[in-house]
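Take a look at the structure below.
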Amino acid sequence: MKPLVLYRVDLRTADPASALRRIDPASPLLTGTDLAATRGDGVFETVVVVDGVPQAVEAHLDRFERSASLLELPSPDRSLWRTAVETVAAEMDVPRGAVKYILSRGDEVTGEPTGWALGFAPTHHRSATPPELDVVLLDRGYRSDVATTAPWLLQGAKTLSYAVNMAALREAHRRGANDVIFVSSDGYILEGPNSTVIARIDGEYVTPPVEFGILPGTTQSDAFDALTDGGDRVAVRGLTVSDLSGADALWLCSSTRGAAPVRSLDGVAQQVDRAITQRISDFLNARKA
């Protein structure tokens, strides 16, 4: 990641003119007692920016609000955060970048929440065409009904606590792969560490339901729009490992990569449908806020 633009967001005012302050991306931002750093206690979103235009902003704000509610954080001011994203995006001089915006519970001494928005260029993917992925399946360690049986585990919230996700990606690299699909302990497909799964089965494009404790996929939702616009069938339902192994094609959807096709699953080659991938990519790259 190459940091390009950083703004501090003052959450004590709703006036964007006075709430946003640009600072050097290399300068200190947090106190040593900020709960984002000491506890990972906060939420975030990442919006892709194509030619200066931030994409799917409203869908990301919806999920930002949902995550904040699950963590019992102050409800984000949509107008303020929308302006922060648009301001950062307008100052990024790259064809393809992203804006990550963060709401922390804040300094545990003062009790004041903190916020900031960072514009950056992803080093792993700067092309409009998503990469083809080698993926492994890893046990997530909980059942598919965890969101209802143990809501305090905050499954389905996009939090700053990413240690497990990063450990899963390191395990994938040790196995010669570059991404992961998590599986519940009762055998259902969940999501990737930072992506949503789409599987094509008998001509139908399927993604797992958020009731399994996974994030609502903003890119996956737009990918489904691209598919239905072309007359394809889509569905949201549970998928098992055997369903995935027998799929015609697989994709992992995320903001910075788009809909990336899976070329191998646990070392077994998978069909890559480059025509459908390009159709989805063209749709995603043409999105507006």
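FYI, it's all coordinate maths here, none of it is from the lab. Model, not experiment: these values are computed from the prediction. We place every Cβ from the backbone using ideal geometry, glycine too, and count neighbours over all the protein chains shown.
Worth a mention:
- Leading residue at positive end of dipole, the chain (Cβ point charges), from 104, 153, 64: 104
- Computed on the Cα trace of the range 2-121, the radius of gyration divided by the Kirkwood hydrodynamic radius gives Rg/Rh = 0.94.
- Cα centre as origin, Lys/Arg/Asp/Glu Cβ charges: the chain dipole, Debye: 520
- Pairwise centroid distance, computed over Cα atoms, of the range 34-76 with the range 88-107, Å: 10
- Binned Cα-Cα distances of the range 208-289, short to long, each 10 Å bin given as a whole percent: 16, 49, 33, 2
- Estimated translational D of the range 152-242 in µm²/s (Stokes, Kirkwood radius over Cα pairs; 10 °C; 1.306 mPa s): 112
- As a proxy for reagent exposure, ranking 263, 237 by other Cβ atoms within 10 Å from fewest up yields 237, 263.
- Loop GluC sites (Glu not before Pro), the range 35-110 (other Cβ atoms within 10 Å of the site Cβ: 16 or fewer; DSSP): 72, 91, 108
- Check: the range 2-121 dipole with +1 on Lys, Arg Cβ and -1 on Asp, Glu Cβ, in debye: 200
- Distribution of pairwise C-alpha distances over the range 133-285, 5 Å bins, in %: 2, 10, 20, 24, 22, 14, 7, 2, 0
- Extension reserve of the residue 165-residue 263 stretch, reckoned as 0.36 nm per residue once the Cα distance is removed: 33.2 nm
- Estimated distance in nm for a label pair at residue 58 and residue 150, the labels positioned 7 Å out from Cα along Cα-to-Cβ: 3.7
- Taking every DSSP helix (H) stretch of at least 4 residues in the chain, weighting each as -39,500 (n - 2.57) and dividing the sum by the residue count yields a mean residue ellipticity at 222 nm of -8000 deg cm²/dmol.
- Within the range 88-208, all pairs of alpha-carbon atoms sorted by distance into 10 Å bins from zero give the percentages 10, 30, 34, 22, 4, 0.
- Excluding same-chain neighbours fewer than eight residues apart, the lysines reachable from residue 158 by a Cα-Cα span under 17 Å are 100.
- The chain: C-alpha pair distances exceeding 26 Å, %: 44
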